[in-house]
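K.L.:
I'd like to ask some things about the structure below.
The values are calculated or read from the model by the stated rules, or taken from the named source; none is laboratory data. A quick note: this is a predicted structure, and the numbers were derived from the prediction, not measured. No Cβ is skipped: glycine too gets one built from the backbone with ideal geometry, and neighbour counts run over all protein chains shown.
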Amino acid sequence: MDAIKKAAEKIKNADILIITAGAGIGVDSGLPDFRGEKGFWHAYPMYERLGLNFYDCANPAHFENDPHFGWGFYGHRLELYRKTKPHKGFDIMLNWGKELVKDYFVITSNVDGQFQKAGFDPYKIYEIHGSIHYLQCLSPCCDAIWENNESVDIDYETMRAKNIPKCKFCGRVARPNILMFGDYSWLPSRSHEQSERLDDFLSFASGKNVVIVEVGAGTAIPSIRYTTERLSRRENATAIRINLRESQIGGDNISIPMRGLEAITLIDEELNG
C-alpha cells in the first residue's frame with residue numbers, strides 16, 4: 001500500500017502521463033497473455049496436439065505456404081478482440097490522462113485495439129507491433145494499409161480458416177498489418193507515423209513532470225519494459241511498473257506487484273481520498 005500511495009502522489013503531481021502496456025493489461029478483460037507454452041496451449045489446446053507454440057503460429061510464412069492455417073490463428077484472434085470489452089482500468093487511466101494531467105500518450109505492444117475501443121485518442125497511441133484491425137498485401141504489391149473489415153469463418157476443430165481475406169489491389173492473400181516473428185514483409189509505415197507523433201509529444205513534454213504507468217509488460221519480449229526504463233531516465237520522470245510476477249525496477253521508480261486492474265483501482269481510490 002505504500003507503493004500505491006507513492007504512485008498516487010506522483011500521478012497527482014504529474015503534468016504528463018505516458019501509459020506503456022504489454023499483453024498482461026488484457027488479462028483482466030479476459031484476454032490470454034500467452035505466457036509460456038502452457039499459457040498459449042491453455043488458450044489454444046488444439047495447437048498443443050500439433051506441438052505448436054505461439055512463436056510457431058505467429059509467423060508470416062503461414063500466409064504464404066498455408067493461408068488457411070495462418071488466418072485460422074489470426075482470424076480467431078480478430079474475432080476475440082472484437083468481442084472483448086476493455087476492463088474498467090482503461091476508463092480510470094483515460095480519466096487520469098484527460099482530467100488529472102495536461103496531456104497523455106499510450107505506447108503498447110498489443111495489437112488488439114483495446115485502447116481505441118476504450119476511448120483513447122487514436123492519435124495518442126503508438127502500437128509498436130502494428131494492429132490486427134488493419135490489413136496489407138502479403139507480397140506486398142504496394143505500400144497500402146487499410147482497415148480490416150473482414151469476417152473470417154473458422155473451423156474450430158482444425159483451427160483453419162474457411163475463407164481468406166484478399167488484397168484489394170492485386171487479389172492475392174492479405175495479411176494482418178502486425179509485426180510477426182521472423183517477419184519479412186511487414187509494412188511499418190502506420191506504426192512509424194505513430195512513432196513520429198510520440199516524438200513530437202515527448203518534445204512538448206520536455207521539462208515537465210512525467211509519470212510513466214507501465215501495465216502488464218513482461219520480460220519474454222521486453223520491448224515495452226525497455227521503453228519504460230528509457231523514458232524514466234528523462235529529467236523529472238518517474239515510472240510505475242505494475243506487474244504481478246515481474247515488477248522489479250531500479251532507481252527511484254515504483255514497483256507494484258499486482259494485476260493491472262487491482263493496482264489501477266487502488267491508485268484511483270487513493271487519488272480520490
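K.L.:
When you look at Gln114, is it closer than 20 Å to His76 by Cα and touching a strand residue (DSSP E or B) at 6+ places or on another chain (Cβ under 7 Å), yes or no? Break it down into steps so the answer makes sense when it comes.
P.N.:
On the way: closer than 20 Å to His76 by Cα: yes; touching a strand residue (DSSP E or B) at 6+ places or on another chain (Cβ under 7 Å): no.
In short, no.
K.L.:
Tell me yes or no: at least one residue of region 108-126 is more than 26 Å from Gly218 (Cβ to Cβ), surrounded by 21 or more Cβ atoms within 10 Å (Cβ to Cβ) and not charged (D, E, K, R).
P.N.:
No - not one qualifying residue is present in region 108-126.
K.L.:
Limited to region 218-238, what total is found for residues that are within 18 Å of the chain's Cα centre (by Cα) and either at positive phi or among the aliphatic types (A, V, I, L, M) (or both)?
P.N.:
Residues flagged as within 18 Å of the chain's Cα centre (by Cα) and either at positive phi or among the aliphatic types (A, V, I, L, M) (or both) within region 218-238 amount to 4.
K.L.:
I'd like the full set of residues that are assigned to a loop (DSSP other than H, G, I, E, B), modelled with pLDDT under 95 and not aliphatic (A, V, I, L, M), limited to region 26-82. Spell out how you get there, then give the answer.
P.N.:
Going through region 26-82, the residues assigned to a loop (DSSP other than H, G, I, E, B) turn out to be 30-35, 44, 51-53, 58-60, 66.
So of that shortlist, the ones also modelled with pLDDT under 95 come out as 30-35, 44, 51-53, 58-60.
Gly30, Pro32, Asp33, Phe34, Arg35, Tyr44, Gly51, Asn53, Asn59, Pro60 - these are the residues of region 26-82 that are assigned to a loop (DSSP other than H, G, I, E, B), modelled with pLDDT under 95 and not aliphatic (A, V, I, L, M).
K.L.:
Any residue in region 89-105 that is in contact with a Lys or Arg (Cβ under 7 Å, 6 or more places away or on another chain), assigned to a loop (DSSP other than H, G, I, E, B), crowded, with 16+ Cβ neighbours inside 10 Å and in contact (Cβ under 8 Å) with a residue 40 or more places away in the chain?
P.N.:
Checking region 89-105: not a single residue is in contact with a Lys or Arg (Cβ under 7 Å, 6 or more places away or on another chain), assigned to a loop (DSSP other than H, G, I, E, B), crowded, with 16+ Cβ neighbours inside 10 Å and in contact (Cβ under 8 Å) with a residue 40 or more places away in the chain.
K.L.:
Please verify whether region 165-174 includes one or more residues that are touching a Lys or Arg at 6+ places or on another chain (Cβ under 6 Å) and at negative phi.
P.N.:
Residues of region 165-174 that are touching a Lys or Arg at 6+ places or on another chain (Cβ under 6 Å), as a first pass: 174.
Checking which are at negative phi leaves us with 174.
So far as region 165-174 goes, yes, one or more of its residues are touching a Lys or Arg at 6+ places or on another chain (Cβ under 6 Å) and at negative phi.
K.L.:
Sticking with this one: Here's a check for you: in region 159-168, which residue that is outside any loop (DSSP other than H, G, I, E, B) and touching a residue at least 60 places away in the same chain (Cβ under 8 Å) is nearest to Ser139 (Cα to Cα)? Even if it seems obvious, please write down each step before you answer.
P.N.:
Step one: list which residues in region 159-168 are outside any loop (DSSP other than H, G, I, E, B), which gives 160-161, 166.
Then drop every residue that is not touching a residue at least 60 places away in the same chain (Cβ under 8 Å), which leaves 160-161.
Numbers: Arg160: 21, Ala161: 20 Å.
By that ranking, first place goes to Ala161.
K.L.:
Another one. Determine which member of the set Gln116, Gln194, Gln136 is under 21 Å from Gly24 (Cα atoms), among the polar types (S, T, N, Q) and either in a helix (DSSP H, G or I) or in contact (Cβ under 8 Å) with a residue 24 or more places away in the chain (or both).
P.N.:
Numbers: Gln194 fails: under 21 Å from Gly24 (Cα atoms); Gln136 fails: under 21 Å from Gly24 (Cα atoms).
The unique qualifying residue is Gln116.
K.L.:
Filter region 254-273 for residues that are within 14 Å of Lys6 (Cα to Cα) and touching a residue at least 24 places away in the same chain (Cβ under 8 Å) and give the result.
P.N.:
The answer is Ile254, Ser255, Ile256, Ala263, Ile264, Leu266, Ile267, Asp268, Glu270, Leu271.
K.L.:
Oh, and also: Condition (residue is within 15 Å of Gly26 (Cα to Cα) and either in contact with a Pro (Cβ under 7 Å, 6 or more places away or on another chain) or not acidic (Asp, Glu) (or both)) applied to region 64-75: is it met by at least one residue?
P.N.:
So far as region 64-75 goes, no, none of its residues is within 15 Å of Gly26 (Cα to Cα) and either in contact with a Pro (Cβ under 7 Å, 6 or more places away or on another chain) or not acidic (Asp, Glu) (or both).
K.L.:
Still on this structure, please answer the following. Considering region 112-156 alone, what residues qualify as being more than 24 Å from Trp96 (Cβ to Cβ) and within 12 Å of the chain's Cα centre (by Cα)?
P.N.:
Matches in region 112-156: His129, Gly130, Ile132.
K.L.:
So in region 169-182, with the set limited to residues that are touching a residue at least 24 places away in the same chain (Cβ under 8 Å), assigned to a loop (DSSP other than H, G, I, E, B) and more than 18 Å from the chain's Cα centre (by Cα), which one is surrounded by the fewest Cβ atoms within 10 Å (Cβ to Cβ)?
P.N.:
Our first condition is that a residue be touching a residue at least 24 places away in the same chain (Cβ under 8 Å); within region 169-182, this holds for 169-170, 172-182.
If we keep only those that are assigned to a loop (DSSP other than H, G, I, E, B) as well, we get 169-170, 172, 179-182.
Then drop every residue that is not more than 18 Å from the chain's Cα centre (by Cα), which leaves 169-170, 172, 182.
On the way: Phe169: 15, Cys170: 14, Arg172: 15, Gly182: 9.
That would be Gly182.
K.L.:
Follow-up question, since we're still on this one. Filter region 12-24 down to residues that are crowded, with 24+ Cβ neighbours inside 10 Å and within 11 Å of Gly218 (Cβ to Cβ), then give me how many there are.
P.N.:
Total satisfying the criteria: 2.
K.L.:
Considering only strands (runs of 3 or more DSSP E) fully contained in region 202-261, which possess at least 3 residues that are closer than 24 Å to His129 by Cβ?
P.N.:
Numbers: elements: 210-215, 237-242, 254-256.
Hits in region 202-261: 210-215, 237-242.
K.L.:
Restricting the search to region 155-178, which residues are of a type in the set (A, V, I, L, M, F, W, C) and modelled with pLDDT of 95 or more?
P.N.:
Step one: list which residues in region 155-178 are of a type in the set (A, V, I, L, M, F, W, C), which gives 159, 161, 164, 167, 169-170, 173-174, 178.
The answer is Ala161, Ile164, Cys167, Phe169, Cys170, Val173, Ala174, Ile178.
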